[in-house]
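Comments concern the structure below.
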2 protein chains.
Amino acid sequence: MAIIVQKFGGTSVADIDRIGAVADRVRASVEAGDRVAVVVSAMAGVTNQLAAWAAQAARDMDPCEYDAVVSAGEQVTTGLLTLCLQDRGIAARSWLGWQLPIRTDRVHGRARISGIDVDALGKGLEAGQVQVVAGFQGVTDDRRVATLGRGGSDITAVALAAALRAERCDIYTDVDGVYTSDPRIVAKARKLDKITYEEMLEMASLGAKVLHTRSVELAMKHNVRLQVLSSFNDLPGTLVVDEDEIVEQELVSGITYSRDEAKVTLTRVPDRPGVAAAIFGPLSDAEINVDMIVQNVAADGQSTDLTFTVARSELKDALKVLEGKKSLLGYDQLLPDPDVVKVSVIGVGMRSHAGVAKTMFETMAAKGINIQVISTSEIKISVLIAEEYTELALRALHSAYGLDAG
Amino acid sequence: MAIIVQKFGGTSVADIDRIGAVADRVRASVEAGDRVAVVVSAMAGVTNQLAAWAAQAARDMDPCEYDAVVSAGEQVTTGLLTLCLQDRGIAARSWLGWQLPIRTDRVHGRARISGIDVDALGKGLEAGQVQVVAGFQGVTDDRRVATLGRGGSDITAVALAAALRAERCDIYTDVDGVYTSDPRIVAKARKLDKITYEEMLEMASLGAKVLHTRSVELAMKHNVRLQVLSSFNDLPGTLVVDEDEIVEQELVSGITYSRDEAKVTLTRVPDRPGVAAAIFGPLSDAEINVDMIVQNVAADGQSTDLTFTVARSELKDALKVLEGKKSLLGYDQLLPDPDVVKVSVIGVGMRSHAGVAKTMFETMAAKGINIQVISTSEIKISVLIAEEYTELALRALHSAYGLDAG
């Protein structure tokens, strides 16, 4: 019998009725012959409430105590789901992070799992008992509760699946899989049956919010087969797997976009060695992440324009840092532009096929969309364009790459 | 420097503002030179909410999982209070039951503490760090969370004070001490400066709700000096101490009442050996506690009337049990009366002074109150009377024993 790890997020366990529906779903898997370990998040809104209280309690928060407060949410749903399963005649027990234990480092608030002891849990599964594990939390070597940060329950589920050598890790969420693009914008977007870890990683970091990059990385590292599916219907979801498992790989798997971008241009920067370090060093010191960078060749042999992007929320800080260095850097003007969007085309098929970039540039040109910045990797091409063209660009690219649903 | 344990109940930590007020109070003690360990309950209402969810989740609850759910409440306040203390510049850390650990037996929902490891906590206190401990919870030898039941946080505080050999255990609550009688009924009731463990035990079991009997028993056993005081003002409270500490012992310390009483009379019960066992055995089997019992001498040498009291909430069950045994018991009529109240006079002084009972009976007679049942112990006299006389009886007795405030 196969071991399956199932993870249910906050909206799937938002109240007792929904927790009951999760129990029904787990029961169906048990009755189909699977051995099931379940990972649950806190009820939707609970973690935010706890975090808000903690923020009210102290301005400068001890992350250790913050973790003690916010980890209470998963504890509650773990117990409640176990009770719901037992009420349906399914043998079940709950596990908190410290009980297994799920060991982590001491980086409270975004701890990394260093190991999970699954002996007792494995025995329970073997005996036909559903194991309900609190997501998002572990325990440090000095016996403090540590939380894993954003996407933490997904990480718990993937780590548990790896430790149990599970057949599959099913991530139940409020969408029914990974789409070729955002269905709210691209009406013809299709759900993907399968996608590679690499593509999923790019999608997660380029704006698709269905999975957090850390859980995808972990799944890739341990070769855990992930499935993203909806807890509100019974449709199959999207499998995130190794490239080898995908027989007919499409050229492009998805078109994503991220509005959390802002562009900064420094005009007439002196074209001499060390100028890039002088600009990006202070930004890095201020913990501002710079994403795309373009530096033109100096037409006059003396100065050039330099453009880069940062997260929109960090634009103000970035400008402050650069204004403070104006005389040192010797630029002419500092031109911010928050009204930009990054559109990306993702597909492992690009590795072996030329022409993907060409299609992108031609499509943008045909729609009269000016490309401001370009960046590429082995399996993706991203362009920065004016935000007002977002929907137009997405739909045009979706058609151009032949992704439109039948 | 003295070690003080301070315990704050649910209304004292009902929201962030109140938790902040608790932190201010703890800071005052620290600044006065005390080494403070704090025990906190869940925010008022939280435990009830969690218990209600658990009850919705399963009809027949696994007490182990129930405990996992409800113990989350104390976890939250423990972290929040620690954050509030740190925000005020006071070094502090939180402890959950499993972290110390507070060891308990496996009787989930009403577990008993078998030991507390206070080494790390003691070192923290020595270093001037406030130790904030979650009340109501411990951990079993198979690493499950167990809760202590009603009054659980008080029990945690007393057990911790015993383990730390603390100078005093202060129980902060929403009343400012132990009164000679219920001030809502007896306007002239006085707050007691001191009361003995034995008296406090009788008060707690006879209707005064300020402390739970289990915590008083534990304090008495380990000779922990308890203080009951208000978290909403700065007045001294009532000290619960050994008899030796009270120099001038009053004859009577308090007049209590309990409305949670119901009377049952069986008429013309055959007066033969074994009849009491035949009546009370089945009630005990049904887990119905019988309190006061009166059996008259058989006037005719053949049958007698038998009267006893049970908790009002158990009256229906008690009647059902006895109706089912009617032919076996051979009584004539089964007469229930829920409209009764038990009024008690308590004082260790009774041991050495006669006349306390006489005063009670004379006072009741003077007010025309009929005494239905009497029961006594070394330090209390209880009478059952019609409920409508409650206020009259309390005020009259309070005056008769000289307890009225100046």
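The values are calculated or read from the model by the stated rules, or taken from the named source; none is laboratory data. Please read all numbers here as calculations on a predicted model, not as lab measurements. Heads up, the Cβs are rebuilt from the backbone with ideal geometry, glycines too, and the neighbour counts pull from every protein chain shown.
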Subset of the stretch A:288-310 (residues that are over 36 Å from the mean Cα position of the chain (by Cα) and of a type in the set (D, E, K, R)): A:300
Yes/no for residue B:70 being facing chain A (nearest Cβ under 7 Å) and either of a type in the set (Val, Ile, Thr) or under 17 Å from residue B:19 (Cβ atoms) (or both): no
Some residue of the stretch A:252-264 being over 22 Å from the mean Cα position of the chain (by Cα) and over 30 Å from residue A:190 (Cβ atoms): yes
Residue that is touching a residue at least 12 places away in the same chain (Cβ under 8 Å) and more than 30 Å from residue A:88 (Cα to Cα), where the choices are A:211, A:160: A:211
Cross-chain or 6+ apart pairs with Cβ under 6 Å, the stretch B:363-382 first and touching a residue at least 24 places away in the same chain (Cβ under 8 Å), then assigned to a helix (DSSP H, G or I) and acidic (Asp, Glu): B:379/B:198; B:380/B:202
2 or more residues out of contact with any helix residue (DSSP H, G or I) (no Cβ under 7 Å at 6 or more places or on another chain) and of a type in the set (Lys, Arg): qualifying helices (runs of 4 or more DSSP H) within the stretch B:264-336: B:315-324
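Working carefully through the options A:399, A:313, A:344, find the one that is in contact (Cβ under 8 Å) with a residue 60 or more places away in the chain and within 21 Å of the chain's Cα centre (by Cα). Walk me through how you get there before you give the answer.
Numbers: A:399 fails: within 21 Å of the chain's Cα centre (by Cα); A:313 fails: in contact (Cβ under 8 Å) with a residue 60 or more places away in the chain.
After applying the criteria, what remains is A:344.
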Some residue of the stretch A:255-262 being assigned to a loop (DSSP other than H, G, I, E, B) and among the aromatic types (Phe, Trp, Tyr): no
Which listed residue, of A:45, A:9, is away from chain B (no Cβ under 14 Å) and in contact (Cβ under 8 Å) with a residue 24 or more places away in the chain: A:9
Restricting the stretch A:41-57 to residues that are under 17 Å from residue A:145 (Cβ atoms) and either of a type in the set (Val, Ile, Thr) or part of a loop (DSSP other than H, G, I, E, B) (or both), the residue that is modelled with the lowest pLDDT: A:47
All positions within the stretch B:76-102 that are within 26 Å of the chain's Cα centre (by Cα), without any contact (Cβ under 8 Å) to a residue 60 or more places away in the chain and under 30 Å from residue A:84 (Cβ atoms): B:76, B:78, B:96, B:97, B:98, B:101, B:102
Matching residues, the stretch B:52-67, being hydrophobic (A, V, I, L, M, F, W, C) and more than 7 Å from chain A (Cβ to nearest Cβ): B:52, B:55, B:64
Which numbered condition residue A:153 fails, given (1) in contact with a Leu (Cβ under 7 Å, 6 or more places away or on another chain); (2) closer than 28 Å to residue B:81 by Cβ; (3) small (Gly, Ala, Ser); (4) more than 12 Å from every other protein chain (Cβ to nearest Cβ): (1)
Residue ID - nearest to residue A:200 (Cα to Cα), chosen from residues in the stretch A:337-351 that are in contact with a Leu (Cβ under 9 Å, 6 or more places away or on another chain) and assigned to a loop (DSSP other than H, G, I, E, B): A:347
Single residue of the stretch B:9-40 satisfying the filter (part of a helix (DSSP H, G or I) and of a type in the set (Val, Ile, Thr)) that is farthest from residue B:89 (Cα to Cα): B:11
Condition broken by residue B:146, with the remaining ones in (1) closer than 21 Å to residue B:227 by Cα; (2) among the aliphatic types (A, V, I, L, M); (3) touching a strand residue (DSSP E or B) at 6+ places or on another chain (Cβ under 6 Å) satisfied: (1)
Only one of B:168, B:144 that is out of contact with any Ser or Thr (no Cβ under 8 Å at 6 or more places or on another chain) and more than 22 Å from residue B:19 (Cα to Cα): B:144
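Listed here are the residues, each with its yes/no results for (1) part of a loop (DSSP other than H, G, I, E, B); (2) facing chain B (nearest Cβ under 8 Å).
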| site | (1), (2) |
| --- | --- |
| A:74 | no, no |
| A:78 | no, yes |
| A:82 | no, yes |
| A:86 | no, yes |
| A:89 | yes, no |
| A:98 | yes, yes |
| A:109 | yes, no |
| A:115 | no, no |
| A:122 | no, no |
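For every residue, the table says whether it meets (1) at pLDDT 90 or above; (2) among the aliphatic types (A, V, I, L, M); (3) within 22 Å of residue A:377 (Cα to Cα).
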residue	(1), (2), (3)
A:263	yes, no, yes
A:272	no, no, no
A:275	no, yes, no
A:285	yes, no, no
A:289	yes, no, yes
A:292	yes, yes, yes
A:308	yes, no, yes
A:317	yes, no, no
Test result for residue B:132, within 12 Å of chain A (Cβ to nearest Cβ), out of contact with any Pro (no Cβ under 6 Å at 6 or more places or on another chain), part of a helix (DSSP H, G or I) and β-branched (Val, Ile, Thr): no
Filtered residues of the stretch B:54-95 (kept if of a type in the set (Phe, Trp, Tyr) and surrounded by fewer than 20 Cβ atoms within 10 Å (Cβ to Cβ)): none
Residue in the stretch A:115-126 that is buried (at least 21 other Cβ atoms within 10 Å of the Cβ), of a type outside the set (A, V, I, L, M, F, W, C) and on the phi < 0 side of the Ramachandran plot present: no
Criterion (over 30 Å from residue A:85 (Cα atoms) and of a type in the set (A, V, I, L, M)) met by exactly one of B:72, B:14, B:52, B:57: B:14
Lone qualifier among B:371, B:381 - being part of a loop (DSSP other than H, G, I, E, B) and in contact with a helix residue (DSSP H, G or I) (Cβ under 7 Å, 6 or more places away or on another chain): B:371
Given (1) surrounded by fewer than 20 Cβ atoms within 10 Å (Cβ to Cβ); (2) of a type in the set (Phe, Trp, Tyr); (3) more than 25 Å from the chain's Cα centre (by Cα), number of the condition residue B:331 does not satisfy: (1)
Residue list for the stretch B:232-271, restricted to those being crowded, with 22+ Cβ neighbours inside 10 Å and among the acidic types (Asp, Glu): B:261
